[in-house]
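Undergrad: Before I ask anything, here is the structure I am working with.
The values are calculated or read from the model by the stated rules, or taken from the named source; none is laboratory data. It should be emphasised that the depicted structure is a prediction, and the values quoted were computed from it without experimental measurement. Because the Cβ atoms are built from the backbone with ideal geometry, glycine has one as well, and the counts that use them run over all protein chains shown. SASA here: full protein model, heavy atoms, side chains in, ligands and nucleic acids out. Shrake-Rupley method; radii C 1.70, N 1.55, O 1.52, S 1.80 Å.
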Amino acid sequence: MENITLKNVTKRFGKTTAVDNVSLEIKAGSLFFLLGPSGCGKTTLLRMVAGFCEVEEGDIFFGGSSVKTVPPGKRNTALVFQNYALWPHLNVHRNVAYGLEERRVPPGEIRARVREALASVRMEEYEFRKPNELSGGQQQRVALARALVVKPDAVLLDEPLSNLDARLRMEMREEIRRIHDETGVTMIYVTHDQKEALTMADEIAVMSMGRVEQIGAPQEIYRSPANIFVATFLGDANLIQGELIERIGPFGMIRTPLGVFTGRLADPNMRGGDAACCMVRPENLRLSGAGENRLPVIIKNTVFLGEAQQYLLQAGSVSLKALAVGSADGVVKGKQAEAAFTAADALLLPAEGEGCA
């Protein structure tokens, strides 16, 4: 098992650039996510790794070897589709065995490897059922077993949970993570679902309009997004527009219509006078508690989310969100309150376009 490296990869469809000069390295044995909105190029990139989509510019390497001209069947990758793509007339055993039969593997070895693959996804007792006798989650497990049975160098998953209901999605997230950890196989996983990426990934590449905006561990990208797109795509973000006053080491001070705040600098090249945005995640904007940065707000509404309470706030012309586990004491709809956040929980981002929007 070796690293998968993409160097300056580009793909166009007519006048549309679907993948734009993308470079990244996927470590062997990792669970790597390509995350972004529809049309950002993530599935095209996955298909290029698989060999089903031609690389126009740049190159793709498995280990130190280029696979740019290697056909899909010779790359030793396995695709898992969102619609499972199981043969309806074949039972589970035959569906899983199909790739081995195509490779002319001896029957005795096929039986052993199919049972091993089914055991890894906990589907041994369903070996002789047809796909229409299985739930959506069970069918997805069979699709995973079919991918694993050929012992691929990488399993490529294209929105594999999009057809499942919320409960099954939660279950299958845990199952895919477990299967990955137990098998140690490299997995590249395409999704537009931020929670899937945050809860499952070793590393995430956030994509927009064919480009990679940021690569990093989930906690790193969530806490320290590289720009406003990443900040707003990967979870809720309060953005307050202003102007950077000065730098104080890795921190900076920003003047906004709501006051002067201190926060971490997202870009070491930011200087005093630059247009900037102060970003605070809702869970870090507190209606009770300490924080260097404080501002008066009006409680516009409250939303019960089950495990947490969301507060919709108004501070001047700026709408904000706060999130708390349980209820904040004395917080009443329509009343004034004071919100606070620490400098460590605030990130000062360069403004883009017309500002923070």
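Undergrad: Under the classification rounded if a/c is under 1.5, otherwise prolate if a/b is larger than b/c and oblate if not, where does region 74-130 fall, given a ≥ b ≥ c as square roots of the Cα gyration tensor eigenvalues?
TA: Note, shape of region 74-130 comes out rounded.
Undergrad: Okay, next question. Any chance you could look up the accessible area of HIS192 with a 1.4 Å probe, heavy atoms only, rounded to 10 Å²?
TA: 90
Undergrad: In addition: For region 268-324, which GluC sites (Glu not before Pro) are in a loop by DSSP, counting at most 10 other Cβ atoms within 10 Å?
TA: Of the GluC sites (Glu not before Pro), the ones in loops of region 268-324 whose Cβ has at most 10 other Cβ atoms within 10 Å are GLU307.
Undergrad: For the chain, what is the relative contact order in percent, using Cα pairs closer than 8 Å and at least 6 residues apart in sequence?
TA: 15
Undergrad: Moving on to the next point. So, with a 1.4 angstrom probe, what is the percent of accessible area on the chain that is carbon and sulfur?
TA: The computed percentage sits at 50.
Undergrad: Net charge near ALA97: determine it from the other residues with C-beta under 13 Å of the C-beta of ALA97, scoring Lys and Arg +1 and Asp and Glu -1.
TA: Summing Lys/Arg as +1 and Asp/Glu as -1 gives +2.
Undergrad: How much FRET efficiency would the formula 1/(1 + (r/R0)^6) give for ARG255 and LYS335, where r is the Cβ-Cβ distance and R0 is 25 Å, rounded to 0.05?
TA: The pair ARG255/LYS335 has a calculated efficiency of 0.35.
Undergrad: Are there trypsin sites (Lys or Arg not before Pro) in region 113-213 that DSSP puts in a loop and that have at most 16 other Cβ atoms within 10 Å, and which ones?
TA: Listed in order of number, the matching sites are ARG122, ARG129.
Undergrad: Report the Cα-based extents of the chain along its three principal axes, largest first, to the nearest Å.
TA: 73, 45, 34
Undergrad: If you don't mind, another one. Give me the base-10 log of I(q)/I(0) for region 1-152 at each q in 0.09 Å⁻¹, Debye formula, one uniform scatterer per Cα, rounded to two decimals.
TA: -0.35
Undergrad: Here's a follow-up. Counting each pair of different Cα atoms once, what's the Kirkwood radius of region 185-272 in Å, rounded to one decimal?
TA: 14.7
Undergrad: For a protection proxy built on the mean count of beta-carbon atoms within 10 angstrom, sort 90-102, 265-277 highest first, please.
TA: 90-102, 265-277
Undergrad: Next question. Excluding same-chain residues fewer than 8 positions from LYS74, which lysines have a Cα within less than 21 Å of its Cα?
TA: Qualifying lysines at Cα under 21 Å: LYS7, LYS27, LYS151.
Undergrad: Another question, then. Once you have the alpha carbon radius of gyration of region 222-357, what is it after dividing by 2.2 N^0.38 Å, with N set to its residue count?
TA: Expressed relative to 2.2 N^0.38 Å, the Cα Rg reads 1.01.
Undergrad: Per 5 Å bin, what percent of the C-alpha pairs of region 249-328 does each bin hold, from zero upward?
TA: Values per bin, smallest distances first: 3, 13, 23, 22, 16, 12, 7, 3, 0.
Undergrad: May I pose another question? For LYS15, give me every one of the lysines with a C-alpha distance below 20 angstrom, ignoring sequence neighbours fewer than eight places off in its own chain.
TA: Cα-Cα hits under 20 Å: LYS42.
Undergrad: Ok, one more. As a test of the formula, what do you get for the chain when each DSSP H run with n ≥ 4 contributes -39,500 (n - 2.57) and the sum is divided by the residue count, at 222 nm and rounded to the nearest 500 deg cm²/dmol?
TA: Taking each H run of at least 4 residues, the total per residue is -7000 deg cm²/dmol.
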